[in-house]
């Protein structure tokens, strides 16, 4: 089925033996978007990222350390292990500004992509996600939720080797 947008009307049709059969037409809501259209782009992007992850998956198990205030000026630490998750780890050469050395330098950054609903928390004073892959220990340094129309389609992780 194909859709064509013409002014405020959208036609949904299919081509059968070179004859065009109009299935239905409808007007979009006031915002001009159909949920079906937005969801198809979101679903398509999510599926594309899943295919990229599946090409070279790394099954990892996150060990999460969390600190919570105990209310008396101290901290209570806890450690938990999350279920296995598939990510794709890759290296990227990028230019970054290093203030103490003055100027731009090319550095290699290790990143990963994960499913839109993957459970990762960026590194902070109170949270730390770690995992081991290929005999190397890694920390999830940064988590960026990549979005389309406000919906998360995948997560981009910046990793730090420990």
Taking the criterion of being part of a strand (DSSP E or B), farther than 27 Å from residue 56 by Cβ and either at pLDDT below 85 or touching a strand residue (DSSP E or B) at 6+ places or on another chain (Cβ under 9 Å) (or both), would at least one residue in region 119-140 satisfy it? yes
Of those in region 105-118 that are in a strand (DSSP E or B) and in contact (Cβ under 8 Å) with a residue 24 or more places away in the chain, the residue farthest from the chain's Cα centre (by Cα) is 109
task: Might you let me know whether region 99-109 holds any residue that is modelled with pLDDT of 85 or more, in the same structural domain as residue 152 (by TED's automatic domain parsing), touching a strand residue (DSSP E or B) at 6+ places or on another chain (Cβ under 8 Å) and within 23 Å of residue 53 (Cα to Cα)?
output: no
Residue hits (region 141-162; touching a residue at least 24 places away in the same chain (Cβ under 8 Å) and not in a strand (DSSP E or B)) are 149, 162
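The values are calculated or read from the model by the stated rules, or taken from the named source; none is laboratory data. For clarity, every value in this text was computed on a predicted model and none was experimentally measured. Cβ: placed from backbone, ideal geometry, glycine included. Neighbour counts: every protein chain shown.
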